[in-house]
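Okay, structure first, notes after.
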C-alpha cells in the first residue's frame with residue numbers, strides 16, 4: 001500500500017548551516033552573553049553588557065557534559 005502523503009519523486013532537500021557562538025560570563029555580576037561574530041577575538045579586554053565591568057579575556061577549557069550530570073543536580 002502506497003502512502004498518499006509521501007511520494008519519493010517529491011523529496012525535498014534539507015539544508016543546514018554551521019554557526020559558531022562564543023559564550024562569555026562576567027565574574028563580577030555572574031551574568032552571561034553570547035557573540036556570533038569572530039572579530040572580537042583580537043580584543044584583549046571586553047566590557048560586560050550587563051554591568052559595564054571591563055575585564056581581561058581568558059579562554060576556558062570545555063569538559064564534555066560538565067554541569068549536566070545527575071550528581072550535579074543532587075548537590
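Scanning the stretch 29-48 for residues that are loosely packed, with under 12 Cβ neighbours inside 10 Å and outside any helix (DSSP H, G or I), which turns out modelled with the lowest pLDDT? Working first, answer last.
Within the stretch 29-48, the first condition is being loosely packed, with under 12 Cβ neighbours inside 10 Å, and the residues that meet it are 30, 32, 34, 36-39, 41-45.
Next cut, outside any helix (DSSP H, G or I) only: 30, 32, 34, 36-37, 43-45.
Numbers: 30: 95, 32: 95, 34: 92, 36: 87, 37: 81, 43: 84, 44: 89, 45: 92.
The selected residue is 37.
Only one of these conditions is not met by residue 72: (1) at pLDDT below 90; (2) over 16 Å from the mean Cα position of the chain (by Cα); (3) exposed (fewer than 10 other Cβ atoms within 10 Å of the Cβ). Which number is it?
Single failed check for residue 72: (3).
I'm told residue 64 meets every condition in (1) modelled with pLDDT of 90 or more; (2) part of a loop (DSSP other than H, G, I, E, B); (3) out of contact with any strand residue (DSSP E or B) (no Cβ under 6 Å at 6 or more places or on another chain) except one. Can you identify the failing condition by its number?
Against the list (1) modelled with pLDDT of 90 or more; (2) part of a loop (DSSP other than H, G, I, E, B); (3) out of contact with any strand residue (DSSP E or B) (no Cβ under 6 Å at 6 or more places or on another chain), residue 64 comes up short only on (1).
The values are calculated or read from the model by the stated rules, or taken from the named source; none is laboratory data. Here the structure is a predicted model, which is why all the values come from computation and not from measurement. Cβ coordinates were reconstructed from backbone atoms using ideal geometry, including for glycine residues, and neighbour counts include every protein chain displayed.
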